[in-house]
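**Student:** Would you mind keeping the following structure in view while I ask a few things?
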Ligand code: FES
C-alpha cells in the first residue's frame, strides 16, 4: 500500500449515481460513482472556488455543473466544458479494494 491514500467509504455506500465528499487535510474531494466507475475531483470550482458537490452530476455527459454560475467540468479529466470556468479542477486517482473506495491525494 502506498502512502497518501485516503479511505472514502465502503463501495456499498456509494452506488451508481451517488456522490460523497471526503477531506484530506485542507483538501475537499468529491467522489462520484458513474455507472460503476469511481472518479474524484477537488470539490472546488476553478471559477470562484465554490463547492462543486452542491451542483448536479449529469450521467449522460459525465459532467458536473457548478450551481453558482453554471460552469461544467468533465469528471474524467477535470477540464471545464463551458464558461465561465477556463481552468481545470484537480483530479485524483481512485481505487477500490475489499474494504471500499480510496482516493490518492498528493499535495
Ligand atoms: S464559482 Fe463555479 S461557475 Fe462560478
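Just so it is clear, none of the values below were taken in a lab; they were calculated from the coordinates. Since we're looking at a predicted model, the values are computed, not measured. Ideal geometry is used to build each Cβ from the backbone, glycine not excepted, and the neighbour counts take in all protein chains shown.
**Student:** Only one residue in 40, 85 is part of a loop (DSSP other than H, G, I, E, B) and touching a strand residue (DSSP E or B) at 6+ places or on another chain (Cβ under 8 Å), so which one is that? Lay out the reasoning, then the answer.
**Tutor:** Details: 40 fails: part of a loop (DSSP other than H, G, I, E, B).
None of the others qualify; the one that does is 85.
**Student:** Could you go through region 32-41 and let me know if any residue there is surrounded by fewer than 21 Cβ atoms within 10 Å (Cβ to Cβ) and within 16 Å of the ligand (Cβ to nearest atom).
**Tutor:** no
**Student:** Name, by its number, the condition in (1) more than 10 Å from the ligand (Cβ to nearest atom); (2) in a loop (DSSP other than H, G, I, E, B); (3) surrounded by 14 or more Cβ atoms within 10 Å (Cβ to Cβ) that does not hold for residue 50.
**Tutor:** All conditions are met except number (1).
**Student:** Here's something else I'd like to know. Here is a list of conditions, (1) away from the ligand (no atom under 16 Å from the Cβ); (2) loosely packed, with under 13 Cβ neighbours inside 10 Å; (3) without any contact (Cβ under 8 Å) to a residue 40 or more places away in the chain, and residue 76 meets all of them except one; can you say which number that is?
**Tutor:** (2)
**Student:** Considering only residues that are assigned to a strand (DSSP E or B), in contact (Cβ under 8 Å) with a residue 40 or more places away in the chain and more than 15 Å from residue 97 (Cβ to Cβ), which ones fall in region 1-30? Step through it out loud before you land on a result.
**Tutor:** Step one: list which residues in region 1-30 are assigned to a strand (DSSP E or B), which gives 5-9, 19-24, 27-30.
Of the ones still in play, those that are also in contact (Cβ under 8 Å) with a residue 40 or more places away in the chain are 5-9, 22, 24, 27, 29.
If the condition is that a residue be assigned to a strand (DSSP E or B), in contact (Cβ under 8 Å) with a residue 40 or more places away in the chain and more than 15 Å from residue 97 (Cβ to Cβ), then 22, 24, 27, 29 are the ones that fit.
**Student:** Continuing with this model, one more query. Can you work out which of the residues in region 69-82 that are assigned to a loop (DSSP other than H, G, I, E, B) and within 20 Å of residue 27 (Cα to Cα) is farthest from the chain's Cα centre (by Cα)?
**Tutor:** So, considering only residues that are assigned to a loop (DSSP other than H, G, I, E, B) and within 20 Å of residue 27 (Cα to Cα), the one farthest from the chain's Cα centre (by Cα) is 79.
**Student:** Quick test for you: out of 55, 62, pick the one residue that is away from the ligand (no atom under 16 Å from the Cβ) and more than 16 Å from residue 24 (Cβ to Cβ).
**Tutor:** Among 55, 62, only 62 is away from the ligand (no atom under 16 Å from the Cβ) and more than 16 Å from residue 24 (Cβ to Cβ).
**Student:** For residue 14, state whether it is closer than 20 Å to residue 106 by Cβ, touching a strand residue (DSSP E or B) at 6+ places or on another chain (Cβ under 8 Å) and surrounded by 15 or more Cβ atoms within 10 Å (Cβ to Cβ).
**Tutor:** Numbers: closer than 20 Å to residue 106 by Cβ: no; touching a strand residue (DSSP E or B) at 6+ places or on another chain (Cβ under 8 Å): yes; surrounded by 15 or more Cβ atoms within 10 Å (Cβ to Cβ): yes.
It is false that residue 14 is closer than 20 Å to residue 106 by Cβ, touching a strand residue (DSSP E or B) at 6+ places or on another chain (Cβ under 8 Å) and surrounded by 15 or more Cβ atoms within 10 Å (Cβ to Cβ).
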